[in-house]
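Encoded as structure tokens, the structure appears first; notes follow it.
The values are calculated or read from the model by the stated rules, or taken from the named source; none is laboratory data. All of these numbers come straight from a predicted model, not from anything done at the bench. Backbone-built Cβ (ideal geometry, glycine too); neighbour counts: all protein chains shown.
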Amino acid sequence: MAHSLHLLTALKHRFARRPAPQPAPPSPVQQLAHQYTGKYAFLDEQTNKTHQLIVGPSLEIQIDGRTLPGQVTGITLERLTFLDHYGYQLIIATTAAGPTTVYDEAEDTTYQIIQPTPDAQ
């Protein structure tokens with residue numbers, strides 16, 4: 001009985017000293033996603049209306065407060081490609097300084113990201 005108690009005590013102390021597990025480092029996609037995440041604006045010169053574009057940390061995309069149904073089909077250091085539920089691509093181009101343009105295949109138009117973005121705080 002004393003031997004069992006000694007074994008349990010030894011195991012308890014051994015596991016108690018084990019450091020807490022470290023969180024896994026971000027995956028390459030998560031690192032790339034961080035480059036696109038944020039609140040941006042672009043101007044539609046046809047209507048002279050400024051639209052708000054939000055890219056969430058999980059790469060969900062909102063335009064003017066509405067989440068676009070669809071999915072990311074590609075992500076690189078230069079661009080994020082999103083395919084909407086109608087089959088049209090939305091392509092966000094970026095540089096090290098952040099997103100620069102948004103191409104909307106449905107409209108066949110490229111919009112410049114406005115810098116600095118209004119209401120980005």
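Residue by residue through segment 51-73, note down the ones that are over 15 Å from Pro99 (Cβ atoms) and over 11 Å from the mean Cα position of the chain (by Cα).
Asp64, Gly65, Arg66, Thr67, Leu68, Pro69, Gly70, Gln71, Thr73
Considering segment 75-121 alone, what residues qualify as being at pLDDT 95 or above and in contact with a Lys or Arg (Cβ under 6 Å, 6 or more places away or on another chain)?
The answer is Ile91, Ala93.
Looking only at strands (runs of 3 or more DSSP E) that lie completely in segment 39-121, which have at least 2 residues being polar (S, T, N, Q) and within 18 Å of Pro28 (Cα to Cα)?
70-75, 89-95
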